Amino acid sequence: MKIFLAFVAFSILVVGGFSYFYFNDLMYREVNFPEEVVIEIPHNTSGDKVIEEFNKKGLLLPSVFFKYLLRYYIENENAKLYAGYFKFKGRMTNIEILKTLFDSKKQKNIRITIPEGLTLEEYAEIFETKLKCDSALFIKVASDSNLLKEFEIEAENAMGYIMPNTYDFFVYEKPENIIRKLLKENKEFWDQRRLKKLEEINLTKHQATILASIVEAETPLKSEAKTVAGLYLNRLKKGMLLQADPTIQFMLGKKQRVLYRHLEQEHPYNTYLNPGLPPGPINNPGFRTLEAVLNYERHNYLFMVSIGDGSGRHYFSTNHQDHLTYVNDYRKTRDSIKAEKKMQDTLSLN
């Protein structure tokens, strides 16, 4: 009997020792990634499914052992499993690969450039497409009163205060994290020098942002931005209606040709009926356009109309009579281009 018990004890020690060295070898076995490998861990994925994603790449095998090990870290080490894209390169042990999933800093950045002049809804669509961020939740967070108060935004939402630029984010980034990063960029723009400039031109930050959003929509040319900003400020100083077509398009909810019947619609953003600036920005202007407002061109222009040749340039005038002449020139140019295009279409059909 003693011999049997000794044999059992010896067997347990042998098996235990073998198991220890085997599993230890599994954990610290090196994997070589000659080039970067990216693995996506979808949001709300179970631990078992996470290991299966790695198994598809021939990693973290045998599956049953690493599924158990992952559950151990989650349940006993209070480790938080992150979703997103994770990058692996060079020589790594299996345990290093596994622990990467608990380190947010190891996630692969997604670089996104958000252009100037887009609305809050358009930005929400970009982040939903690029980062899989819920667009409806993004809009909701961007309208959170506490967040707006924190960043000193005097509006119903963050429209106008999301600074267009190039940013690095993680996939499945929380909407609040995204918006905070964007608003922080805008806050940093308004340094002491620019705040002093606001006082000099007698505008609040909110007024300057509203005006910049109109200028952003009015001209695609940065070379004209200061001129357009000066024109609208001249109209404001004289008590004239802004009569800015982009505010009508914002009122209509889409970019389209502005018709006379649209100008008669009662709406807070109808600058053909309401004096002064509209209640809020109509898009998110870029820092160059904000700078153009702060350093607007001093001139006597009060009117502007597109040249109509597709260049985005405008005619500027100081009186209504000259403006009407330019309007007539615009129509002639527009009709000429239409006629030429119609002729080309006819020739292409023959």
Which numbered condition in (1) in contact (Cβ under 8 Å) with a residue 24 or more places away in the chain; (2) in contact with a strand residue (DSSP E or B) (Cβ under 9 Å, 6 or more places away or on another chain) is the only one that residue 44 fails? (2)
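Out of all the residues in region 312-342, which are part of a loop (DSSP other than H, G, I, E, B) and under 39 Å from the mean Cα position of the chain (by Cα)? If you could, list the steps in order and put the result at the bottom.
We begin by selecting, within region 312-342, every residue part of a loop (DSSP other than H, G, I, E, B); these are 312-313, 318-319.
Within region 312-342, 312, 313, 318 qualify.
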Based on what the data block shows, is residue 305 assigned to a helix (DSSP H, G or I) and at pLDDT 90 or above? no
Return yes or no: is residue 289 hydroxyl-bearing (Ser, Thr, Tyr), closer than 24 Å to residue 205 by Cβ, part of a loop (DSSP other than H, G, I, E, B) and in contact with a helix residue (DSSP H, G or I) (Cβ under 6 Å, 6 or more places away or on another chain)? no
Residue ID - farthest from residue 306 (Cα to Cα), chosen from residues in region 237-274 that are in a loop (DSSP other than H, G, I, E, B) and among the hydrophobic types (A, V, I, L, M, F, W, C): 273
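Checking the structure you have, find out if any residue of region 249-272 is acidic (Asp, Glu) and closer than 27 Å to residue 113 by Cα.
No.
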Contacts under 6 angstrom Cβ, first residue in region 228-244 being under 16 Å from residue 210 (Cα atoms), partner part of a loop (DSSP other than H, G, I, E, B) and of a type in the set (D, E, K, R), 6 or more apart: 230/297
Tell me yes or no: at least one residue of region 249-269 is of a type in the set (Val, Ile, Thr) and modelled with pLDDT of 95 or more. no
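Any residue at all in region 104-112 that's surrounded by 15 or more Cβ atoms within 10 Å (Cβ to Cβ) and within 30 Å of residue 222 (Cβ to Cβ)? Steps first, answer last, please.
Residues of region 104-112 surrounded by 15 or more Cβ atoms within 10 Å (Cβ to Cβ): 106-108, 110, 112.
In the following step, the residues that additionally are within 30 Å of residue 222 (Cβ to Cβ) were identified as 110, 112.
Within region 104-112, one or more residues are surrounded by 15 or more Cβ atoms within 10 Å (Cβ to Cβ) and within 30 Å of residue 222 (Cβ to Cβ).
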Please go through (1) modelled with pLDDT of 95 or more; (2) within 30 Å of residue 205 (Cβ to Cβ); (3) not polar (S, T, N, Q) for residue 312 and return the number of the only condition it doesn't satisfy. (1)
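Does residue 220 meet the test of being of a type outside the set (A, V, I, L, M, F, W, C), within 17 Å of residue 286 (Cβ to Cβ) and not in a helix (DSSP H, G or I)? Steps first, answer last, please.
Working: of a type outside the set (A, V, I, L, M, F, W, C): yes; within 17 Å of residue 286 (Cβ to Cβ): yes; not in a helix (DSSP H, G or I): yes.
Taking the combined requirement at face value, the residue satisfies it.
The values are calculated or read from the model by the stated rules, or taken from the named source; none is laboratory data. These figures come from a predicted structure and were not determined experimentally. Quick reminder, even Gly has a Cβ in these numbers, built from the backbone with ideal geometry, and neighbours come from all protein chains shown.
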